[in-house]
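K.L.:
Structure provided below as structure tokens; questions to follow.
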Amino acid sequence: MVMTKILYIFLLLSFSHIAISQPCNGQNEGIDKCENSRLICKNGSVNYSKNNCKHLNNNKLYNNTIKVDYEGFSVWLDCQRHGAIKFQYNAQHDTGHFPRANKFSLDAQMPKNCQQMSTHAYGNHYDRGHLVPANHLDSSASAIKATNNMTNILPQAANMNRGAWMVTEEITECYRDISELLIIGGVIWGNNPKDDFFVKSHGITTPDAFWKVIVRGSGQDEQAIAWIVPNSNEATHDQLDNYLVTVREIEALTGEKIPVADYIKEIKPSTSWLIPIGCNKG
């Protein structure tokens, strides 16, 4: 009943935009590509702002969305929202123990208008929440550092970030030692101005929820598990099972196509995957 209510609310949400100046906005019809370190607008005009276009030609650009490939993971930035809308990575056997970086950074290789304005802590009981956690890339110091780019960070309610969302990360940490995993996730922004505390400080609205799909195995052994986790301090550890959904529900809500067999998309486990006894979650 709780999950049905949550999904009903999410399906009614509309996607809003932040009223902040964008490159190639208005009659320029949005960003088309990068050429000679300058943004080329869809109407053919050149945007002469100081946005750094370096390496954008190596990433896919759809409307105002940039796919950014870091070492070990990818994020999709929505330049109108100043933050990521999707992330994806493969979690392989844990073979490293590089420490997590403490410093958060803006990505100097991405246009400033496509990311947040500040690296400072959010406050107001919200964490700088990771979409892709550092711990899953601890075999590479540079990959861990990249996870602390603000392109991989969004406001997450503290109890949710350290609760239900963290349990999905612990499940990933344990099951990647059994077999390689594909993790795809993203953001449900919604349209709730009551929790948009960080528009002035960071240039970003607060997501209403986050979704995640974990895929393991292949062929007859393929399995998938999916959640839509509300960005709320009520989303504690023991609430995760309430947020289980089918992959098909996520596809219907987000428009994403998750690469699993059709019959897998209809399956919703009764409980989240159990943490194996003796799993080292560190």
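The values are calculated or read from the model by the stated rules, or taken from the named source; none is laboratory data. Remember, it's a predicted structure, so these values are computed and weren't measured experimentally. Every residue, glycine as well, gets a Cβ built from its backbone with ideal geometry; the counts of neighbours run over all protein chains shown.
For (1) at pLDDT 95 or above; (2) assigned by TED's automatic domain parsing to the domain that holds Gln156; (3) in contact with a Lys or Arg (Cβ under 7 Å, 6 or more places away or on another chain), each residue gets a yes or a no:
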site: Ser201; (1), (2), (3): yes, yes, no
site: Ala209; (1), (2), (3): yes, yes, no
site: Val245; (1), (2), (3): yes, yes, yes
site: Arg248; (1), (2), (3): yes, yes, yes
site: Asp262; (1), (2), (3): yes, yes, no
site: Lys281; (1), (2), (3): no, no, no
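K.L.:
Same structure again: What are the pairs with Cβ atoms under 8 angstrom where one residue, in the stretch 94-119, is over 28 Å from Glu180 (Cα atoms) and at pLDDT 95 or above and the other, located anywhere, is in a loop (DSSP other than H, G, I, E, B) and of a type in the set (Gly, Ala, Ser)? Sequence gap at least six, or different chains.
P.N.:
Gln116/Gly203; Met117/Gly203; Ser118/Gly203
K.L.:
Please specify each residue of the stretch 79-115 satisfying the condition of being assigned to a strand (DSSP E or B) and out of contact with any helix residue (DSSP H, G or I) (no Cβ under 8 Å at 6 or more places or on another chain).
P.N.:
Within the stretch 79-115, Ile85, Lys86, Gln88, Asn90 meet the criteria.
K.L.:
Tell me, which residue of the stretch 216-273 that is free of Cβ contacts under 8 Å to residues at least 24 places away in the same chain and under 27 Å from His93 (Cβ atoms) is nearest to the chain's Cα centre (by Cα)?
P.N.:
Top of the filtered list is Ser218.
K.L.:
Against the conditions (1) under 18 Å from the mean Cα position of the chain (by Cα); (2) over 27 Å from Ala226 (Cβ atoms); (3) buried (at least 22 other Cβ atoms within 10 Å of the Cβ), where does Pro111 fall short? Just the number, please.
P.N.:
Here Pro111 clears every test but (1).
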